[in-house]
Amino acid sequence: MFVGDADGYLYGVDDLGSFLSGWPRSASSSVTRSLALGDVDGDSIPDVVAACADGAVYAWTMTGQLLPGWPVHADGPVSSSPAVVDLDGDGKCEVTVGCDDGDVYVWSSSAVAVAGWPRSTGGAVKSSPCLDDFDADGQFELVVGSDDGKVHFWNVVGSDAPDAVPGWPMYRHDAYRTGNSGLKFVTPPGPVKARLTVAAGPNPFGGGAAAVTFRISVAGAQETPSGRRGRLLIYDVAGRAVAEIPVSGAGGELTATWDGGNESSRKLGTGVYAYTAEIDGLKAEGKLVFLKR
């Protein structure tokens, strides 16, 4: 996930809430509009594009490196989210954005204004540009709303557009809000980081459920011929281990259950308990609520 803030910082966060390598990055002013992902440099890996309130438009690689020539600058404040689309079919995406000065800008992947752009409207352009081959003529068109009360529709001259994408027009192109036509996400090269995740349910448990089930997922860790082995530890609020549950199995998905008892099978009291899963040298933690019946 990538997001900007009012202080001018941009954050890249993975699915566990940790910062991605190379992030956060800083920009020249606040970034309060949605970011866009698209392959600007043609390496088949999405890049991160952000527009700032002062008119600066940035493009970073997935690892936080600023692309050559970027940022570029509009002639006024930008309240529009950028759209990132390969307009000429060269495998590199162009970047388009509206400006509060009433202009719409289109820059090439090398941060140079595309011929014929910017184009003007009669009012501030705070909506996000939408691009596709709307009239099925084999070329991209650009549609955007303006504070002049009109919806503007232009041909993007010289484009070699692909087939129209079903679902347009839609805010930021699709249900994933990528702002990109035909974007294909590719995992950046490099070793896959081993990780362990664990989730407990039902949570709370104990009132109508006799036991809680822990669903443990292992990814990127080598499995031994005898399978995966480990344990699940339960802790009380004082940090004392009150139960230990052996875990074993094969593959990437394991399960374990706990009935609320300690090592002597005596039911513990109602309260909040922490748990730690330890599998093949990996750890993952969480909390749950036990309601003693």
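The values are calculated or read from the model by the stated rules, or taken from the named source; none is laboratory data. All of these numbers come straight from a predicted model, not from anything done at the bench. So basically every Cβ, Gly included, is an ideal-geometry build from the backbone, and we count neighbours across all protein chains shown. Surface areas here come from the heavy atoms of the whole protein model, side chains and all, with no ligands, DNA or RNA. Shrake-Rupley method; radii C 1.70, N 1.55, O 1.52, S 1.80 Å.
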| said: Over the Cα atoms of the stretch 198-293, what radius of gyration and what Dmax do you get, in Å? | reply: 13.4, 42
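Determine the relative contact order of the chain: mean sequence separation of Cα pairs under 8 Å and six or more apart, normalised by residue count, in whole percent.
On the way: 745 pairs, mean separation 30.8, N = 293.
For the chain, the relative contact order is 11 percent.
Quantify, in whole percent, the carbon and sulfur part of the accessible surface of the chain (1.4 Å probe; protein heavy atoms only). Mind showing how you got there, number by number?
Values: 7490 of 14430 Å².
Whole-percent figure for carbon plus sulfur exposure: 52.
Counting only other residues whose beta carbon sits under 14 Å from that of Gly239, what net charge do I get with K and R as +1, D and E as -1? Let's see the in-between values first.
Details: positive: Arg240, Lys287; negative: Asp236, Glu285.
That works out to 0.
Can you give the extra length, in nm with one decimal, that the chain gains between Met1 and Phe19 once fully stretched, where that is 0.36 nm per residue apart less the Cα-Cα distance? Before the final figure, lay out each step's value.
Values: separation 18, 0.36 × 18 = 6.48 nm, distance 0.96 nm.
Stretched out fully, the Met1 to Phe19 stretch lengthens by 5.5 nm.
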| query | Regarding the stretch 1-132, what are the three Cα extents along the principal axes, ordered largest first, in Å? | reply | 45, 34, 24
| To the nearest µm²/s, what D does Stokes-Einstein give for the chain at 10 °C and 1.306 mPa s, using the Kirkwood radius over alpha carbon pairs as Rh? | 71 µm²/s
| By average Cβ neighbour count within 10 Å, what is the ranking of 67-78, 280-291 from highest down? | 67-78, 280-291
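Can you give the extra length, in nm with one decimal, that the chain gains between Glu263 and Ser29 once fully stretched, where that is 0.36 nm per residue apart less the Cα-Cα distance? List each step's numbers first, then the result.
On the way: separation 234, 0.36 × 234 = 84.24 nm, distance 5.68 nm.
Value of the extension gain: 78.6 nm.
Could you count how many Lys pairs in the chain have their Cα atoms under 14 Å apart, skipping same-chain pairs fewer than 8 positions apart? Show your work: numbers first, answer last.
Working: Lys92/Lys184; Lys126/Lys150; Lys193/Lys283; Lys267/Lys292.
Summing the qualifying lysine pairs gives 4.
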